[in-house]
Each structure stands twice: as structure tokens, then as C-alpha cells.
Amino acid sequence: MTTTTTLDLTWRVPLAHACDVLVIGGGSAGCSAAVAAAEQGAAVTLVERYGFLGGTGAMVLDTFYGFYTPGTHERKVIGGVPDRVIAGLERRDMVLKRPNTYGAGAGLTYDPDTLKLVWDELTAEAGVDVWHHCTFVDVLREGDRVTGAVLATKQGLRAVRARAVVDASGDADVAARAGAPFEDAGADGTAQSLTTTFRMIDVDVAAARAFPKQALWERMREAAERGDYELPRREGSVHVTPFPNVMHTNMTRVAGVDATDPEQLSRAEREGRRQAFEYARFLREQVPGYERAFLSGLSVQIGVRESRRIKGEYWLTREDVLAAATFPDAVARCGAPIEEHHAGGDTRWEYLPDGETYDIPYRCLLPREIEGVVVAGRCLSASHDAHASVRSIGQCLAMGQAAGVAAALAGDGNLRGVDVDELRRRLVELGALL
Ligand SMILES: Cc1cc2nc3c(=O)[nH]c(=O)nc-3n(C[C@H](O)[C@H](O)[C@H](O)COP(=O)(O)OP(=O)(O)OC[C@H]3O[C@@H](n4cnc5c(N)ncnc54)[C@H](O)[C@@H]3O)c2cc1C
């Protein structure tokens with residue numbers, strides 16, 4: 001968006017509330033952070049712009065990756081709060097484990113609406129104060145220290161003071177607004193592509209599953225080359241769900257978008273929707289099992305894989321990922337390959353040595369040049385390539401619980417001063433696998 005004029009406005013903002021830990025963003029990382037911080041005894045307020053929790057995991061997709069290493073000797077690498085999410089889904093028979101067809105490790109496919117309910121329960125049990133329909137717009141600050149946030153609500157702006165802020169907005173909104181350095185993949189044109197997902201109902205699942213993936217991709221390529229369909233991505237996945245006759249797709253591709261620019265994001269939403277209906281038409285007309293199927297249920301918004309990544313106290317690299325690097329301040333682990341959805345028809349994959357994992361250091365969650373903020377989730381400090389491995393939901397959940405415990409430990413908001421051995425001890429106590 002091009003800004004040509006600046007207006008100097010002065011707002012009188014009511015101070016609505018004070019808490020120990022303020023979490024911005026109720027996605028995988030934010031919910032996990034809020035639960036973990038509250039269980040450590042902190043008074044936690046969790047702010048989410050939509051009317052439900054779960055973030056991208058509830059509004060775009062339905063499969064957790066990152067819980068298990070790929071390869072011949074599967075190992076579980078995530079534990080703690082994430083296990084309780086799975087338990088809540090299992091209690092309702094709304095999760096199934098399935099091998100990942102690309103080799104990214106087993107996935108846990110669930111019902112996204114049940115996930116919202118599970119997060120409602122987990123946050124309520126932990127005593128988290130959840131504020132929906134509030135959008136973070138600015139920071140409160142004293143010098144370099146962030147001391148709270150300004151939120152946009154239906155009743156105007158509201159300010160909340162906090163000892164520590166967890167930035168789990170996905171886009172590093174808090175860190176960016178506070179002036180911390182970041183790499184902006186959207187602005188520099190390197191961001192991974194965006195995807196509108198959708199569900200097909202009334203599918204003959206047996207017939208659809210019997211049609212091999214390579215044959216599906218070949219049919220996509222032929223159909224696109226004949227000019228009968230506009231299919232920018234000539235592969236992509238369609239998979240079973242916990243429901244009969246329902247398949248979930250991840251096929252559309254909108255590239256070259258800065259997802260923090262409202263005009264570009266608005267265009268991407270329209271393009272993603274248009275593509276979704278085109279892919280649904282292709283499935284119905286060209287693929288066995290979909291003859292009577294309908295598109296039902298577009299993702300709540302277009303899925304954003306990458307935007308701002310903070311430049312933190314440590315910068316996780318492609319070399320760290322592929323060499324299975326270890327760090328003394330590890331707060332989570334990851335075994336997922338680099339999975340890069342670039343512009344064009346295919347996706348780039350690069351693997352760690354079989355069965356190995358790398359560590360995510362606490363320093364990747366600490367933005368430089370500001371105090372009082374810890375980030376969690378896909379806006380961590382990592383290069384484009386490392387991010388393409390570490391962004392799975394399993395790792396966002398694990399980073400979230402680490403950020404939450406750190407924020408609770410930093411009684412005075414001094415997140416850099418957190419005793420890392422004590423942080424790691426408490427994480428293991430919580431069930432984290434370090
Ligand atoms: C199309 C697509 C497919 C993917 N497929 C998979 C997959 O199959 N499995 C997997 O494990 N991972 C997958 N990923 C990656 C994974 O979903 C994300 O990396 C992960 O969900 C990010 O979690 P997060 O908590 O960092 O952010 P999010 O889950 O995006 O949470 C951010 C939350 O913050 C809220 N928010 C944002 N800004 C503000 C603000 N200013 N004020 C208040 N609230 C705000 C948002 O509404 C949201 O709820 C996929 C991603 C995409 C886009």
C-alpha cells in the first residue's frame with residue numbers, strides 16, 4: 001500500500017486493563033504460550049482478532065505436522081501442551097494419524113471446528129482471559145521497553161499494560177511496531193506463496209484414493225496445458241478428513257504477495273477464491289471419485305505461509321537445519337524438511353539426515369533492540385530456507401509454550417535475563433521433548 005500523506009492524530013486511549021503476560025494472536029503459538037504462562041502462575045490476557053482460537057490451524061488447514069520425524073525410524077519430537085491438544089481431539093474421535101505422502105513425517109489430521117473448542121477448554125482451564133475481536137495496533141513503551149499494547153475494538157482503542165508481551169501474531173506485528181529489526185519476505189518479493197484451501201463434500205473417497213497422486217498431477221498438467229483450466233500449481237495435495245465423503249485440498253497458489261499490505265492481501269483473497277473454484281471444477285470434471293462432489297467450505301482467509309521474520313539474538317539458517325544443529329539454549333526441536341512453496345508449478349524439498357532433528361534456540365524468539373517482547377510461531381528469527389522447515393504447527397506449539405514459560409519467568413519483563421537452564425527445566429516438567 002502506498003502512503004502519500006501522513007495525518008498527525010492524537011487519540012485519548014482508555015487504559016482498559018493490566019496483566020502479567022499479554023499474548024497477541026490466538027493461533028497455535030499464542031494459545032500454547034497463553035496456557036503455559038497461566039499454568040506458571042501469571043495473569044494472562046490473550047488477544048485474538050477473530051472470534052475463535054486456533055489461528056491458521058483452525059481456519060486454513062486440518063493437519064498438524066512437525067510432531068514426528070520423517071524417515072524410516074519415526075520419533076516424536078514435540079510434547080507438553082501440544083499433547084493436550086491432541087488428547088482433546090482424541091476424546092471426541094476427531095483426529096487421525098496418517099503417513100505424509102511427501103515424506104514430511106506422519107501428520108495428525110483433525111476437525112478444525114473441534115480444535116477451536118479444545119482451545120476454548122484448555123485456555124479456560126488454565127485461567128487465561130481471552131479477548132476476541134480485538135486487533136493489536138500499537139505498543140505502549142517506556143524507552144526501549146514495551147510495556148503493553150493498544151488494541152482496536154468495536155468501542156474504539158483500548159490500552160492494556162503488561163510486564164511481558166508475547167508476539168504470536170504470525171506477522172511479528174508487535175516487534176515490527178516496536179521498531180525491532182526484521183526481514184520482510186513479503187516486501188522483498190521472496191515470501192512463499194499463499195493458498196486458499198477448500199473442502200470437497202460428497203466425494204467417493206475410495207475411488208478418489210485409488211487414483212494415484214502421480215496420475216492426478218499428470219492430469220492437472222495435461223488439463224492446464226490444453227488450456228481447459230487455469231491451474232498455476234500442477235501438484236498439491238488432497239487428503240481424507242475425519243468425516244465420511246469429505247476431502248480437504250491444498251492446491252491453489254497465489255505468489256508474489258506482501259501479506260501485510262492490505263491491498264495486496266485483498267487481491268490475493270479474491271484470486272485464491274477464484275482458483276479454489278477452478279480447482280474444484282477440475283476435480284469434478286477430471287478426477288475419479290469427484291463426479292458428484294461439491295466445493296463446501298473455503299478457508300476462513302487465504303493461508304499466509306511467510307511474511308515478517310524478526311532478526312533476533314540468533315538467526316536460524318539452512319545450514320543449521322540440514323546439519324541437525326544443537327544449541328545449549330534449545331527450547332524445541334524440529335525434524336521437518338525444508339518445504340518451499342515458491343512461484344511456479346512445483347515445491348522444493350530438502351531433507352535432514354534420516355531421523356535427525358535440529359534445535360530451536362531460545363535466542364530465536366528474542367527480538368533485537370527492544371525489551372519486554374518474546375515472539376513465538378512463524379515470525380521467529382530464521383532465514384527464508386530455515387523458516388520453510390520450522391514453520392509447522394508442531395514447532396509453533398512448542399515455541400509457544402517456551403515463550404509462555406519465559407514470559408512468566410521474566411517477572412520484570414526482562415526476557416533476555418531469563419535463566420535458560422530454569423526455562424528448560426520447566427519446559428521438560430511440562431512435557432516438552434528437548
Ligand atoms: C496454506 C498453508 C498450509 C499449511 N499446511 C500446514 C500443514 O498441513 N501442517 C502444518 O503443521 N503446518 C502447515 N502450515 C504452516 C502452519 O500452518 C503455520 O506456520 C502455523 O499455523 C503458524 O502458527 P502461528 O501460531 O505462528 O500463526 P497463526 O496460526 O497464523 O496465528 C496468528 C494468530 O494471530 C492473529 N492475529 C494476527 N494479527 C493480529 C493482530 N494484529 N491482532 C490480533 N490478532 C492477530 C490471527 O488471527 C491468528 O489467529 C501451512 C500454512 C499455510 C499457509
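Worth pointing out:
- Max mean-square fluctuation residue, GNM over the chain, Cα-Cα springs under 10 Å, options Ala323, Ala16, Ala38: Ala16
- Prolate/oblate/rounded label for the range 141-198 (Cα gyration tensor, a/c 1.5): oblate
- Neighbourhood charge, 14 Å Cβ-Cβ cut-off, centred on Gly312 and excluding it, Lys, Arg +1 and Asp, Glu -1: 0
- Lys, Arg +1 and Asp, Glu -1 on Cβ, resulting dipole of the range 198-298 about Cα centre, debye, nearest 20: 220
- Between helix 28-39 and the chain: long-axis angle, C-alpha atoms, 0 to 90°, nearest 10: 40
- Site pair Glu369 and Ala152 shows an inter-label distance of 2.4 nm when each label is modelled 7 Å from Cα along Cα→Cβ.
- Taking the longest Cα principal axis of the chain as reference, the axis of helix 81-91 is set at about 50 degrees.
- Computing FRET efficiency as 1/(1 + (r/R0)^6) for Glu291 and Leu7, where r is the C-beta to C-beta distance and R0 is 41 Å, gives about 0.15.
- Comparing Cα centroids, the range 402-421 and the range 196-258 end up 44 angstrom apart.
- Residues considered: Gly303, Gly156, Gly27. Largest GNM mean-square fluctuation over the chain, using C-alpha springs under 10 Å, is found at Gly156.
- Net charge contributed by nearby residues that have their C-beta within less than 13 Å of Asp261 (K/R +1, D/E -1): -4
- For the chain, the square roots a ≥ b ≥ c of the C-alpha gyration tensor eigenvalues yield an a/c of 1.5 or more together with a/b exceeding b/c, which makes the shape prolate.
- Note on the range 198-298: dipole from Cβ charges, positive end direction compared against Val205, Leu283, Thr260; the farthest Cα belongs to Val205.
- Lysine-lysine proximity count for the chain, Cα under 25 Å, sequence distance 8 or more or distinct chains: 5
- Positive-end residue, the chain charge dipole about Cα centroid, Cβ charges, pick of Tyr362, Val13, Pro70: Val13
- Ranked list, fewest to most other Cβ atoms within 10 Å of each Cβ, for Met59, Met247, Met399, Met200: Met59, Met247, Met200, Met399
- Taking other C-beta atoms within 10 angstrom as a stand-in for reagent exposure, Val331, Val428, Val405 fall in the order Val428, Val331, Val405, fewest first.
- Listed values for the range 394-403 are Karplus-derived 3J(HN,Hα) couplings in whole Hz (6.51 cos²θ - 1.76 cosθ + 1.60, θ = phi - 60°), namely x, 6, 5, 4, 5, 4, x, 5, 5, 5, and x replaces Gly and Pro.
- Net dipole in debye of the chain [+1 Lys, Arg Cβ; -1 Asp, Glu Cβ; about Cα centre; nearest 20]: 620
- Local electrostatic count, Leu157, Cβ distance below 10 Å [Lys/Arg +1, Asp/Glu -1]: +1
- In this simple spin-label approximation, Arg273 and Glu230 carry label points 7 Å from Cα along the Cα→Cβ vector, and these lie 1.5 nm apart.
- Cα gyration tensor, the range 290-434 - rounded (a/c under 1.5), prolate or oblate: prolate
- Label-reachable residues, the range 380-422, where backbone N falls under 17 Å from a point 7 Å from Glu356's Cα toward its Cβ: 386, 389-390
- Sorted by Cβ density within 10 Å, fewest first, the residues Ser307, Ser193: Ser193, Ser307
Readers should treat all values here as calculations from the given coordinates under stated rules, not as data from a laboratory. Please read all numbers here as calculations on a predicted model, not as lab measurements. In this analysis, Cβ positions are derived from the backbone assuming ideal geometry, glycine residues included, and neighbour counts consider all displayed protein chains.
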